[in-house]
Amino acid sequence: MWDRGETILLIEYYENHSVLWDVLSADYKNKIKKQNAYCEIAKRLEKSEYEIKTKIHHLRTQFLQEVRRVKQKNSGQGTSDNCTSKWEFFDALKFIKND
């Protein structure tokens, strides 16, 4: 089970490993570097790599759903740059947003 503190730490570690999320990174397609990043995060959080990958997948999915929901809510109000979400991890995950 993931508590809020562990989830925040996971997001911070995930952000620090741009190879996992930055499609513009030269190493984004390097499977070995990605595997090493997942392994490092798993060791730091004392979780399995499977748990890390699964949690990241769920966080990304929820974040992208929130982005779509907020954009739909704000459509017709100009740009969506001022969009907000009440989901507690929304702001922490904004680094993965591709505009």
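The values are calculated or read from the model by the stated rules, or taken from the named source; none is laboratory data. Please read these numbers as outputs of a predicted model, since none were measured by experiment. Please note: Cβ atoms are built from the backbone with ideal geometry, for glycine as well, and neighbour counts cover all protein chains shown. Side chains included, ligands, DNA and RNA excluded: accessible areas come from the protein's heavy atoms. Shrake-Rupley method; radii C 1.70, N 1.55, O 1.52, S 1.80 Å.
Looking only at the range 1-30, filter to residues that are part of a loop (DSSP other than H, G, I, E, B) and among the aliphatic types (A, V, I, L, M); which one of those is most open to solvent (accessible area, probe 1.4 Å)?
Our first condition is that a residue be part of a loop (DSSP other than H, G, I, E, B); within the range 1-30, this holds for 1-3, 17, 21-30.
Remaining after also requiring among the aliphatic types (A, V, I, L, M): 1, 23-24, 26.
On the way: MET1: 203, VAL23: 79, LEU24: 153, ALA26: 102 Å².
The extreme case among them is MET1.
What are the pairs with Cβ atoms under 8 angstrom where one residue, in the range 12-27, is over 11 Å from ILE96 (Cα atoms) and free of Cβ contacts under 8 Å to residues at least 24 places away in the same chain and the other, located anywhere, is in a loop (DSSP other than H, G, I, E, B) and acidic (Asp, Glu)? Sequence gap at least six, or different chains.
Cβ pairs passing all conditions: VAL19/ASP27.
With respect to GLU88, is the statement that it is surrounded by 13 or more Cβ atoms within 10 Å (Cβ to Cβ) and of a type in the set (D, E, K, R) true? Don't jump to the end; show me each part of the working.
On the way: surrounded by 13 or more Cβ atoms within 10 Å (Cβ to Cβ): no; of a type in the set (D, E, K, R): yes.
Answer is no for this residue.
How many residues does the range 31-63 contain that are open to solvent by 60 Å² or more (accessible area, probe 1.4 Å), at negative phi and acidic (Asp, Glu)?
Total meeting the criteria: 2.
When residues of the range 11-31 are filtered for being among the acidic types (Asp, Glu), more than 19 Å from THR54 (Cβ to Cβ) and under 15 Å from the mean Cα position of the chain (by Cα), how many remain? Outline the logic, then answer.
Looking only at the range 11-31, we keep the residues that are among the acidic types (Asp, Glu), and these are 12, 15, 22, 27.
Keeping just the survivors that are more than 19 Å from THR54 (Cβ to Cβ) gives 22, 27.
With the extra rule that they be under 15 Å from the mean Cα position of the chain (by Cα), the set shrinks to 22.
Residues that pass the stated criteria total 1.
Which number in (1) under 15 Å from the mean Cα position of the chain (by Cα); (2) modelled with pLDDT under 95; (3) part of a helix (DSSP H, G or I) marks the one condition that ILE41 misses?
(2)
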